[in-house]
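All remarks here apply to the structure that follows.
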Amino acid sequence: MATFTHLTHKLEEYLSPSELKKVKEAYRFSDEAHLGQMRKSGEPYISHPLAVAEICADWKLDAQAMMAALLHDVMEDQGVRKEELIERFGAPVASLVDGLSKLDKIEFQSQIEAQAENFRKMLLAMARDVRVILVKLADRLHNMRTLGAMAPEKKRRIARETMEVYVPIAHRLGLNNIYRELQELSFSHLYPLRHKTLSKAVKSARGNRREVVTKILESVTSTLIAAGIPAQVDGREKTLYGIYRKMRNKHLSFSQVLDVYGFRVVVDSFANCYVALGTLHSLFKPMPGKFKDYIAIPKLNGYQSLHTTLIGPYGTPVEFQIRTQDMHRVAESGVAAHWLYKDDEGSLTDLQQRTHAWLQSLLDIQKQTGDSAEFLEHVKVDLFPDSVYVFTPKSKIIALPRGATALDFAYNIHTDIGDQTTSVVINHEPAPLRTELHNGDIVEIITSPSSRPSPNWLGYVRTGKARSAIRHRLRTVNLVESQALGKRLLTNALNTLGLDPDLPIALIERLLNESSAKTMDELYADIGIGTRMAPLVARHIMGMTENGGAIPQLDVEGHMLPSKPDPVVITGNEGATVQLAACCLPIPGDKLIGHLKHDQALIVHVDDCETAKRHREKEPDRWIEVTWAGELNRRFECRITILAHNQKGTLARIAAQIGEADAHIVSVSMDDDGDPAMKNLRFTIQVEDRVHLARTMRGIRSIDSVARILRERS
């Protein structure tokens, strides 16, 4: 158990005596506040703030952050008021504790709206002061380490929340030690059986690997000494979650994953990284295409190393990471590696400046964004980037998420550059603005002061910064054009439904009240920039009018015909306005039905979905006909369940068959129903349409150990 004496020894290494005195005062206050309070494990509660503070001390966080770590639960658990904290410890510490208390109240739910709002709160707290999220990550890490005392269902909920929210934030901030440990702990609580099986397999395989590891270590160490390069060489163990993810994503067997050996070489200088690389390449033959230079071009979170894969003894692949001691510290601790809180930006390291810029961009997106779902839509691609690196004409490196276009590049340089873009030159050749960028592209943006963003641009930008900037510009500077376009689109949609576009005052007031728009012009602007769909707003109006309010249609004999509006067309790229139902996961080719929510969002179900049938009985008037667009240039998720004989290699053969059918595996799980002879495998895969799914399922059905396969609909 953590003790304050142990914490004091750590803090004495870098805090001044006056700062240490303030931290001690915070500890005494916290100890008194939590007196008599116990954790689920039976330990005194003060052990938790102490453990959180120890983790923060390892990152050498400043005195204010250390005080906040010790006090982080006093407002939430003991009702201490913020004013009292300001009086005792100052406004900065009180603000940090207040920020942490607000985050503690967040419970990440599965509902899209709630999760978006909670995610927004977390990221904005981080953007205002990154120390809030550093202390929160330390808090979450200790809670995950002591999760054993919780009920199984609560364990799974907290582990899933950790994997979905805290793990990617830790990774984005370069906190690799925390990132890996949170991943491992989440994996062990989410999938205890898989974790136990893999752990046992790794332990039994470790003995067989010892001889190879020793031989590689000895030959590498002696070769580097002979070359005069001071270096520390260590074997690098793969994490259990890393093994599991590689097996799942790359369809590899356990032995295939474990047959790759990993080593880390830490040298004394930048130049010796490259000398060590050449020395290793003379010792073992390099594998073509397996070299990456993250020193010249660091990852977005500041990570720097040379990566190379060589053919070692016995023909086994050996992965090497080569870096300096400073690079190693940043690789393990990211922005928390001696974080400096200075007003003068010149005193920050390059990594801290880039992180500061990213956090600032979160605040910019928030200012330009109306609601939480839209904010989450913008930020997600920046939080989970698979980066591509391109160059300006002056050879400056710009990192963008994979799939980013030339227009994303323009907005990354500056919002004004993006707004005034007229054309682009890629690798000295003119190219369309929607061109997807690739590693090494040289991009030049041509601008004109008279150029303005078009609503069409939203269709081919990838980054949150570009999307929010375009929408903000369309809402403000291009407001008149957006309103005119939106009014035209809504008029056409109302005419299609046989409704009079001149709406009565009472109906307009009710519509604005239910859509949370202040005026019709604001509603038109939202339609014009694509944050609302005109057909959905028109259906909403139709539902509010008596008898639908449609103009009666007569047949040749003068009898009234029932009006049947055209179905709403779905492309799958509508963003937060249209959501494909998670219960049945529709794919192109399915017959669709749409549930028009009261907030004018549309939930699209498969026509025969059981969940949809139940909801239709409750609200029969809020369901509309929906159809797929003709051109759909993307893939859609669906679930399949496979009953298979429990034979060696069955999972690998199924995964290989899915790969051969050009479908993508998103996730796989196994139901343990107690039958040792048969197993239920549940895959979530991405396919283009029903034809593609049928072809994939035919291939799986041809495997002799597969007894049954079906698509899950609800």
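The values are calculated or read from the model by the stated rules, or taken from the named source; none is laboratory data. Quick caveat: nothing in here was measured; it's all calculated off a predicted structure. All Cβ positions, glycine included, derive from the backbone under ideal geometry; neighbour counts span all protein chains shown. Ligands, DNA and RNA are stripped out before the accessible areas are found, and what is left, the full protein with its side chains, is counted by its heavy atoms. Shrake-Rupley method; radii C 1.70, N 1.55, O 1.52, S 1.80 Å.
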Any chance you could count how many residues in the range 220-254 are in a helix (DSSP H, G or I), in contact (Cβ under 8 Å) with a residue 12 or more places away in the chain and open to solvent by 30 Å² or more (accessible area, probe 1.4 Å)? 5
Looking only at the range 9-37, count how many residues are farther than 21 Å from residue 141 by Cβ and not in a loop (DSSP other than H, G, I, E, B). 14
Matching residues in the range 492-515 (free of Cβ contacts under 8 Å to residues at least 60 places away in the same chain and part of a helix (DSSP H, G or I)) number 13
Note on the range 60-105: residues crowded, with 22+ Cβ neighbours inside 10 Å and under 28 Å from the mean Cα position of the chain (by Cα) are 61, 65, 68, 69, 72, 73, 96, 97, 99, 100
Only one of these conditions is not met by residue 452: (1) over 22 Å from the mean Cα position of the chain (by Cα); (2) modelled with pLDDT of 85 or more; (3) of a type outside the set (A, V, I, L, M, F, W, C). Which number is it? (2)
Please go through (1) open to solvent by 40 Å² or more (accessible area, probe 1.4 Å); (2) modelled with pLDDT of 80 or more; (3) not aliphatic (A, V, I, L, M) for residue 317 and return the number of the only condition it doesn't satisfy. (1)
Please go through the range 274-295 and give me each residue that is open to solvent by 60 Å² or more (accessible area, probe 1.4 Å) and either under 14 Å from residue 327 (Cβ atoms) or under 26 Å from the mean Cα position of the chain (by Cα) (or both), ordered by number. 274, 292
For the range 459-482, give me each residue that is surrounded by fewer than 23 Cβ atoms within 10 Å (Cβ to Cβ) and more than 16 Å from residue 417 (Cα to Cα). 459, 460, 462, 475, 476, 478, 479, 480, 481
Name every residue in the range 631-657 that is surrounded by 14 or more Cβ atoms within 10 Å (Cβ to Cβ) and not in a helix (DSSP H, G or I), in order of residue number. 632, 635, 636, 637, 638, 639, 640, 641, 642, 643, 644
Give the residues of the range 166-210 that are of a type in the set (A, V, I, L, M, F, W, C) and surrounded by fewer than 16 Cβ atoms within 10 Å (Cβ to Cβ), sorted by residue number. 193, 201, 205
Give the residue that is farthest from the chain's Cα centre (by Cα), with candidates limited to residues of the range 296-326 that are among the small types (Gly, Ala, Ser) and more than 28 Å from residue 214 (Cβ to Cβ). 296
Inter-residue pairs, beta-carbon under 6 Å, first open to solvent by 90 Å² or more (accessible area, probe 1.4 Å) and in the range 1-20, second of a type outside the set (Val, Ile, Thr) and at pLDDT 85 or above, 6+ apart: 1/47
For the range 157-165, check the following and say yes or no: at least one residue is without any contact (Cβ under 8 Å) to a residue 12 or more places away in the chain, of a type outside the set (S, T, N, Q) and open to solvent by 60 Å² or more (accessible area, probe 1.4 Å). yes
